[in-house]
Amino acid sequence: MTRGQLFLVSHPNARDPRRSRVFVVVSRQVLIDSKFSTVICAPIYTNYHGLGTQVLVGVDEGLKHESSIHCDELVSLRKSMLSNFVGQLSPKKIAELRVALAISLEIE
């Protein structure tokens, strides 16, 4: 597992009306490689509002539809939930993700 990989997660939480949702791993690699059982992920939705905290993704990343990563909704998921690989962000998209995460966390 690496930062920028997309996974389809079944029943990510009780509040989500969907049975499954795609998430992108945003944790730093040292945490992903550690013995910790969770990693930080951002959900992917088909809606896009043009916010600086959203990153457009789509077929090039392994998705069926044009969608966006929502960095304002970070969650911690168990690594064991991330088993259904969907795709990978390109280096350009990972750079866009870094900017969106910095905006969402107000990091200069």
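Sequence neighbours fewer than 8 away in the same chain don't count; with that in mind, list the lysines whose C-alpha is under 21 Å from residue 92.
64
Work out how far the C-alpha atoms of the chain reach from end to end along every principal axis, then list the three figures in whole Å, largest first.
Answer, in whole Å and largest first: 33, 30, 26 Å.
To the nearest 500 deg cm²/dmol, what mean residue ellipticity at 222 nm is calculated for the chain from DSSP H runs of n ≥ 4 alone, each contributing -39,500 (n - 2.57), summed and divided by the residues?
Estimated from H runs of four or more residues: -4500 deg cm²/dmol.
In region 7-92, which GluC sites (Glu not before Pro) are in a loop and have at most 16 other Cβ atoms within 10 Å, using DSSP for the loop call?
66
Using DSSP to call loops (not H, G, I, E or B), can you name the trypsin sites (Lys or Arg not before Pro) in region 51-108 whose Cβ has at most 12 other Cβ atoms within 10 angstrom?
64
How large is the dipole of the chain about the Cα centre if only Lys and Arg carry +1 and Asp and Glu carry -1, each at its Cβ, rounded to the nearest 20 debye?
Working: 13 positive and 10 negative charges, 94 e Å.
In debye, rounded to 20, the chain gives about 440.
Under 13 Å from the Cβ of residue 53, count the other residues' Cβ atoms, weight Lys and Arg +1, Asp and Glu -1, and hand me the total.
-3
Given an 8 Å cut-off on Cα distances and at least 6 residues of separation, report the relative contact order of the chain as a percent.
29 percent
Sequence neighbours fewer than 8 away in the same chain don't count; with that in mind, list the aspartates and glutamates whose C-alpha is under 19 Å from residue 93.
60, 61, 66, 72, 73
Each reported figure results from applying straightforward, stated rules to the coordinates on display, with no laboratory input. Because the structure is predicted, anything quoted here is derived from the model rather than measured. Positions of Cβ are generated from backbone atoms using ideal geometry, with glycine treated the same way; all protein chains shown enter the neighbour counts.
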